[in-house]
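Quick notes on the structure that follows.
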Amino acid sequence: MSGSPLQADPHPAGSPPAPKSWSPADLHRLARGLFPSGTGGLTFRLLQHYRPFICPFDALIPLIPPDSRVLDVGCGGGLWLGLLAATGRLAEGVGFDSSTSAIGLAQQMRVPASHAGKLRFEHRGVQDPWPDGPFDVVSIIDVMHHVPPAHQAQVIDLAASRVAQGGLLIYKDMCRRPAWRALANRAHDLVMARQWIHYAPVEKVSTWAVSAGLRCQHAGSLPRWWYGHELRVFVKT
């Protein structure tokens, strides 16, 4: 089931600040503009507004080449694509998620007027056919730990198949080590998603990506508060 293109807000509440580097506070202000009063319920809006303080979007945005066509796997409420649009990194964005309620909320997002009709959100499960590619960037952010282990390798294979030649696969997920950060991540998902998560060892993710024809361009960790994040950037050469 495909979602209709989003309607633009001619006067978004949050406009991009001048610097080309983006702090969590900058992205918090942009998120408030993307999800102003009236878009979804209060709890949903607050989660979007404050997620930039937990998820290191400020470190991920510079990885996206300007004017990219981006596919976001497991897009949730659409915040990542909205931030890319608001910070000028996006030419076109497609996001899909298995949650009908999340897609409904993403479709309410107040995107910048310059991106009217250029963002699309669709309800699809991971096992459903994916949007056709290729895309300059495919992103998998905080999704893999929600995927049953038996299907995790397939997700990487499908994502790689949607990456254009010379394009990027951005993979970011919660860390497995150190144990105390992994415990904090797990507790967060138990409270927020009411789900017992399944960590994918990042070494296995890299192996799957290489088998799918990608090369690891960057590997790193991004601690934020008591949470831990693992980052891998793959390129299709």
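Some points to look at:
- Single match in Ala13, Ala18 (criterion: surrounded by fewer than 21 Cβ atoms within 10 Å (Cβ to Cβ), in contact with a helix residue (DSSP H, G or I) (Cβ under 7 Å, 6 or more places away or on another chain), modelled with pLDDT under 95 and in a loop (DSSP other than H, G, I, E, B)): Ala13
- Any hit, the stretch 94-108, residues being touching a Leu at 6+ places or on another chain (Cβ under 6 Å), modelled with pLDDT of 95 or more and over 19 Å from His229 (Cβ atoms): yes
- Within the stretch 41-62, residues that are farther than 13 Å from Arg29 by Cα and modelled with pLDDT under 90 have Cβ atoms under 8 Å from residues that are among the hydrophobic types (A, V, I, L, M, F, W, C) and in a loop (DSSP other than H, G, I, E, B) in these pairs: Phe44/Phe35; Ile54/Trp225, counting only partners at least 6 apart in sequence or on another chain.
- Residues in the stretch 203-237 that are among the β-branched types (Val, Ile, Thr) and farther than 13 Å from Ile170 by Cα: Thr207, Val210, Thr237.
- In the condition set (1) among the hydrophobic types (A, V, I, L, M, F, W, C); (2) surrounded by 15 or more Cβ atoms within 10 Å (Cβ to Cβ); (3) farther than 25 Å from Val202 by Cα; (4) over 15 Å from the mean Cα position of the chain (by Cα), Ala164 is compliant with all but (3).
The values are calculated or read from the model by the stated rules, or taken from the named source; none is laboratory data. These numbers were taken from a predicted model, which means no experiment stands behind them. Counting neighbours? That spans all protein chains shown, and the Cβs are built from the backbone with ideal geometry, glycine included.
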